[in-house]
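Only the coordinates and a few stated rules stand behind these numbers; no lab work does. Note that the structure is predicted; figures quoted are calculated from it, not measured. Cβ placement follows ideal geometry from the backbone for every residue including glycine, while neighbour counts extend to all protein chains displayed.
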Number of protein chains: 4
Amino acid sequence: MANSRYEYVRSFELPDVLLANTWIVVRIDGRGFSKFTTKYKFAKPNDRRALDLMNAAAEAVMKELPDLVLAYGNSDEFSFVFHKDCVLFERRARYRLPNYFVLAPPNAAWHSRKLTTTIVSTFTSYYTFLWQTYFPAMPLTPPLPSFDGRAVCYPSDQNLRDYMSWRQVDCHINNLYNTSFWALVQQGGMDPRAAERELSGTISSDKNEILFSRFAINYNNEPEIFKKGSVLYRDVRPNSQTSVGHSRNIANLDSSFPCRPNRPPCHQKQHGPRHRCPIHSQRMEMSKTQKEKDRKKRTKAKVVIEHVDLIKDEFWEKRVWILSGRAG
Amino acid sequence: MANSRYEYVRSFELPDVLLANTWIVVRIDGRGFSKFTTKYKFAKPNDRRALDLMNAAAEAVMKELPDLVLAYGNSDEFSFVFHKDCVLFERRARYRLPNYFVLAPPNAAWHSRKLTTTIVSTFTSYYTFLWQTYFPAMPLTPPLPSFDGRAVCYPSDQNLRDYMSWRQVDCHINNLYNTSFWALVQQGGMDPRAAERELSGTISSDKNEILFSRFAINYNNEPEIFKKGSVLYRDVRPNSQTSVGHSRNIANLDSSFPCRPNRPPCHQKQHGPRHRCPIHSQRMEMSKTQKEKDRKKRTKAKVVIEHVDLIKDEFWEKRVWILSGRAG
Amino acid sequence: MANSRYEYVRSFELPDVLLANTWIVVRIDGRGFSKFTTKYKFAKPNDRRALDLMNAAAEAVMKELPDLVLAYGNSDEFSFVFHKDCVLFERRARYRLPNYFVLAPPNAAWHSRKLTTTIVSTFTSYYTFLWQTYFPAMPLTPPLPSFDGRAVCYPSDQNLRDYMSWRQVDCHINNLYNTSFWALVQQGGMDPRAAERELSGTISSDKNEILFSRFAINYNNEPEIFKKGSVLYRDVRPNSQTSVGHSRNIANLDSSFPCRPNRPPCHQKQHGPRHRCPIHSQRMEMSKTQKEKDRKKRTKAKVVIEHVDLIKDEFWEKRVWILSGRAG
Amino acid sequence: MANSRYEYVRSFELPDVLLANTWIVVRIDGRGFSKFTTKYKFAKPNDRRALDLMNAAAEAVMKELPDLVLAYGNSDEFSFVFHKDCVLFERRARYRLPNYFVLAPPNAAWHSRKLTTTIVSTFTSYYTFLWQTYFPAMPLTPPLPSFDGRAVCYPSDQNLRDYMSWRQVDCHINNLYNTSFWALVQQGGMDPRAAERELSGTISSDKNEILFSRFAINYNNEPEIFKKGSVLYRDVRPNSQTSVGHSRNIANLDSSFPCRPNRPPCHQKQHGPRHRCPIHSQRMEMSKTQKEKDRKKRTKAKVVIEHVDLIKDEFWEKRVWILSGRAG
């Protein structure tokens, strides 16, 4: 930006830096989607085309932002997860700041607004662009679909898992309610108010019973995408041994601390192969070259879409690289 | 959102409230647009279709968000301005909170992230959607266009005007440079590096001279949209007398303070027709009905696109309703 | 601070910058003072020694921080006001940062925490130190008195005046209540619960009536310090003409912009004597030397303690330098 | 606070909430202490009385705020550590808010400003009050000592330990420099500038050599308080078995989640004795009664002052309750 006597106005831009070494979740939500779904006659309680469109837009976001490790969506919302790893620090390091300015180079990527608006905008662009693929008979007309978003930091792995569980429980509860509600309306011929009254105060088992006894619907047989929502992650499983083996090889070890921003490499003797990254308190077994390889692997890895349980340990234990942040 | 044992994770969502009684500017910027403009072969130094597309998307944003009073754009950026008036307070009032919670009902509209992501998303949606209208021969393909954004508060009218001047001076300086650079390259046959060296260290008059003497280009005759950028505002001029006359009519005066959040209307005797809004320190001459009328007028008003000087007083003096926030 | 491999932990310090061109009010409140006042047998409803001690500590704060223009206190609270003027920018300028780092040199004076903790600490230090002067018969013993504090930005002069009015109305309402309550207890022989019930639901006139009819107390005759609280400001009135006259003298004019941070002086021709400070939108008639003089004047000026009305215009009209920020 | 038409000004108070489940460190620093130490003729390079006074003030802070688990100080600075445990959540729970307001009840204890100003004020109060005990021959006179402060969140235990290491390395480096500098000045007769030049560019071994060869000072024999600074923590060691044994007793287990704010106790069957606190991802073996006991134990525990190494594992392994947050 060119200089001028008016440039002082930049002083009013306040920083909104996100705390380092935390999981960053950006969740986006459709704006005014109850009106929107009516306008485009979405199937109720779930419109498979609409969910597939959400997933396609989310997949595009994952591909454009290789630092994202995980995404979860249902209905008109999607959550995107940045690893609490060193990634953002490395970006920061590009600025080569003196130490005392490390906090606030404006526009740097770990500003809350930057992450949030980038994800919201990329998602919206694909949602609008891909619309005709999923709704060929329903051309978009203004007002167009849009999303808002927020970024939240979660300090521990457990906090992150609980966040994912929270969204998935929410999906389940809403879907059971909606499935029951629309069965009463569409198959039971009730008007919406009566259906609402009917369901008021019921618990899960009541709704299961209503579905089964009145409409012969076994909720357990409903499609997983409706009951569980959609999980997106990079599948880095195949051929991963070499990288790990390599990275544990002392000979390959770079004794610098790639995680520390703005610091010259550290060559003090005491740093043996067992030293730890001071930021995320894990052993630092990866050399710079391997970090680069790791990142490439992540970028190339296929983005997988699954409709599986995120609450139990199994998902995380079978895909350890998601929490560990290590491809391969 | 449904309750569950995981809901505690909401506690990690930190508020990012914007200071009341300030002008709020949300500026959005194209992400990676130098690559993008190459991919779609934008005309250099300015592509009129691209600017018209930006303006069309901005006009749509203005129409969807009637609280916006002004927008200014050039190149791949656009700034949107919310009046420092009572509007956001009124939204807040909907929550009917006890006084001590007035600050942070989550998701409320004056959260920085909410305003910013809403504008970024709406703009992106229209930009992608309208692309084919402006570039019919150039279908969009991934990676798609996207924008980031930020919200900044400006306390005084002068700060706001200086912000607008800053962007317009920036537009001028960049455009003069780009016009000269591309003349040297396209008409002068220079390679880009040589053109850059040629312009290095020159001041405005040097560039004007290069354009005129070598390429017979009189910079003053360049299109205003290139030199000044684009200003969007609502034109509430015609038939505006009645409303003003009305609003000064004591008989019509509502002695409540519509600007104060969460407070019952104030009927104390001392509030005569001269009382002031405690928030924005202007006389409060509008009754609630008139406020409503005012808002409707604003919503219906034509959004005007002009390419005019924002730095001198003339623009503001001829369109007093922009700073005053009073339609009519 | 010395460098070490652990220094990365500074990255976790997040900025908390205050918005420029706003009035900054730091309000401090006694922590657990109801217990504290019981321990030291403060007279009820008001203890003159305790108020004088608060005022003495506040006066010391005003003297140590010459950028403060106003303070107001009552009971166990005190509010300190920084002018919305250029002062904080000038401090920032000391850093000589490149423009893009203007926002967050850590530890700089306009960080919320820095202003707030400095005032809280200075106030506490004097309160503890001066205790024995005001309570010679009551030596302090642990737990000692302490205060918490907060900083709030107010964009307009009216917002600031309304803040001051808010605190003074609060003082009045509390004092009327307390005066009535303790009259019922001390003179009327009621137990505290009965007194509370008696006053429950009463309005001001009821309390005035109770005081007058039962205890022959005319509330209007109560000491002003109890009814109005205490206002502190610098009295720069005498001999102030020369400075103003001087400052309007074109010959003395420095065409630089002392208010703009990080910018070389501006020598463009168009800046005549009528140019305005871009930050606080006032004419810039003061040269650097005069600014210095102005500051010295402020530092030397007597700090005045008065018990006067802050709500009506009179206070502000007779002491124009408080809002204008111009000594002399 | 009493209601009035001015109360809208509270809307300008912006929240500054600290992220949950993180270690909170409040560090305070003496303001203008180089001038202050000259005024009161502090011994150089270290004044034992001054350090003892700092430690006494810090001990008082630890005693008044039982949620503090650790403190570390050297020179004119002190760092106070709140456990990342549930404590602040429990305070929050007192508000009994609906879930969607959980974030920002104003004045609540986990606001950055509240924690910071409370610690700064309490420390200052004791520093001023205890001064005469440590400097009986040197009565305080204005300007009085004061401190500023800041709060920083550290997400992981390793981040916290690195913070402590950072401060202790800083103490060591500064003390070695100062010891060398003052030896050159006081014993070597150099003027300060010459001493500074002499030390410029030297590394630790050079300074050790200067001290040893010229002044027969073996730096290793210097007092630990100078070399290591001062660590304060609660000693909950003795008789701690019963509590732990008890808390692991399933029969005593309360199946509610005391850590979750604003939620009714959870009695779902799946919570066996192995359930985890969702906030800090540790097993929840303590009943409410035991939590209460735990807190009492902490409050009663002796605050220990030691001058020991915080960088190696030993300190933390021998005092596991500091990181675990479990007394007993």
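Assorted remarks:
- Within straight-line cross-link reach of residue D:41, aspartates and glutamates at Cα separation under 20 Å, skipping those fewer than 8 residues along the same chain: D:29, D:52, D:76, D:77, D:191
- The ranking of C:117, C:133 from fewest to most other beta carbons within 10 Å of each one's beta carbon is C:133, C:117.
- Long pairs among B:207/B:302; C:35/D:227; A:84/D:227; D:63/D:84, criterion Cα-Cα beyond 30 Å: B:207/B:302; C:35/D:227; A:84/D:227
- A point 7 Å from Cα along Cα→Cβ stands in for residue D:173, and the other copies hold the same point at 3.8, 5.1, 5.4 nm, listed in rising order.
- For residue D:38, the distances from its label point to the matching points in the remaining copies are 4.8, 5.9, 7.5 nm, ordered from shortest, with each point set 7 Å beyond Cα toward Cβ.
- Rounded, prolate or oblate (a/c below 1.5 giving rounded, otherwise prolate when a/b exceeds b/c) for region A:122-183 by Cα gyration tensor: oblate
- Shape analysis of region C:171-223 yields a ratio of the Cα radius of gyration to the Kirkwood radius, Rg/Rh, of 0.92.
- Within straight-line cross-link reach of residue B:312, aspartates and glutamates at Cα separation under 13 Å, skipping those fewer than 8 residues along the same chain: B:162
- Pseudo-label separations to other copies for residue C:136 - Cα-to-Cβ vector, 7 Å, nm: 2.3, 9.7, 9.8
- The ranking of B:49, D:113 from fewest to most other beta carbons within 10 Å of each one's beta carbon is B:49, D:113.
- Cα-based reach from residue C:318 at 13 Å (exclusive), listing aspartates and glutamates while leaving out same-chain residues under 8 positions away: C:235, C:309
- Summed residue charge, Cβ within 11 Å of residue D:62's Cβ, Lys/Arg positive, Asp/Glu negative: +1
- With K and R counted +1 and D and E -1, the other residues having a Cβ less than 11 Å from that of residue B:149 yield a net charge of +3.
- Nearest-0.05 FRET efficiency for residue A:205 and residue A:43, computed from C-beta distance (R0 22 Å): 0.25
- Computed 3J(HN,Hα) for region B:181-187, one whole-Hz value per residue from the Karplus formula 6.51 cos²θ - 1.76 cosθ + 1.60 where θ = phi - 60°, is 4, 6, 5, 4, 7, 6, 9, glycine and proline marked x.
- Residue A:313/residue D:312 FRET efficiency (R0 30 Å; Cβ-Cβ; nearest 0.05): 0.30
- Label sites at residue C:224 and residue A:34, each approximated as a point 7 angstrom past Cα along Cα to Cβ, lie 5.9 nm apart.
- Fewest-first ordering of B:22, D:124 by other beta carbons within 10 Å of each residue's beta carbon gives B:22, D:124.
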